[in-house]
Amino acid sequence: MERRQKIALFTTLALVGGVLAYIGHKATRPSRKGRKSAQIAIGEWGAWGKGSVKEGDSRTMGRLRKYWREGAGVNNWSDSKMVSEPWSAAFISYVMKKGGAGDDFKYNASHSVYIRDAINNRKQNLNKRIKGYRPSEVKVEVGDLICAGRSNSRPTYDTTGRYSSHCDIVVEVDERNVARMIGGNVSNSVSSKTLALDNQGRVDESKYFVVIKNKK
């Protein structure tokens, strides 16, 4: 092969490799709405003193009211009721609504309602932004919801009835494949925690049964 042919071949291969790398990057890039939801969650976490301000505190009572009313659609509860009832799903619903999930998210005071709806969107391959995947199927991205059963509840991906559960929103995935997540009503506040992912960036802890993505 002549020198000019070799140069042309190497140039073509480099261009093809670059295009494939770009496509791969775009395919796994978090959605704009997912990133927006994550930023909203980070802002709420900061407003709660990064977990140091507890429920019932006057500094955050207005925010808790918004979670219930604007997120879960509960308008007739007293402040004491809003504090005493589990509000983690109301928090997630609020974050998703403000992030622009629109009508594709099933806003509710129970995690299981929107989880089951997201899983159904995936199983039926509906034209919906919000879809729930088995943790082994997808790489975790900013804006994803990662969900586990709570208390003695052990739901699976195929559980169809109501169940007790909890979801956190992913706000960062670092180069070590460690996800940072934020959730409401964790230690009576809006709190952050980390989750180590496998070497492919997927959830492999058995207690987590679904990853909900905010993208089509």
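The values are calculated or read from the model by the stated rules, or taken from the named source; none is laboratory data. This one's a predicted model, so the numbers in the text were calculated from it and none came from an experiment. Methodologically, a virtual Cβ is constructed for each residue, glycine included, from the backbone with ideal geometry; neighbour enumeration extends over all protein chains shown.
Some notes on this structure:
- Boolean, Ala109 is within 23 Å of Asp57 (Cα to Cα) and in contact (Cβ under 8 Å) with a residue 24 or more places away in the chain: yes
- Every listed requirement among (1) closer than 24 Å to Trp48 by Cβ; (2) surrounded by 22 or more Cβ atoms within 10 Å (Cβ to Cβ) is met by Ser187 save one, (2).
- When Gly132, Gly56 are checked against the criterion of being over 16 Å from Val190 (Cα atoms) and small (Gly, Ala, Ser), a single residue qualifies: Gly132.
- If the condition is being on the phi < 0 side of the Ramachandran plot, assigned to a helix (DSSP H, G or I) and surrounded by fewer than 16 Cβ atoms within 10 Å (Cβ to Cβ), then the range 72-118 contributes Asp79, Ser80, Lys81, Ser84, Asp103.
- Looking at Lys26, Lys33, Lys54, just one residue is modelled with pLDDT under 95 and either crowded, with 18+ Cβ neighbours inside 10 Å or not in a helix (DSSP H, G or I) (or both), and that residue is Lys33.
- Single residue of Val138, Val170 found to be assigned to a strand (DSSP E or B) and touching a residue at least 12 places away in the same chain (Cβ under 8 Å): Val170
- Looking across the range 161-216 at every residue that is among the acidic types (Asp, Glu) and over 19 Å from Ser110 (Cβ atoms), the one that is nearest to the chain's Cα centre (by Cα) is identified as Glu172.
- Note on the range 166-213: residues that are in contact with a strand residue (DSSP E or B) (Cβ under 6 Å, 6 or more places away or on another chain) and either hydroxyl-bearing (Ser, Thr, Tyr) or modelled with pLDDT under 95 (or both) total 3.
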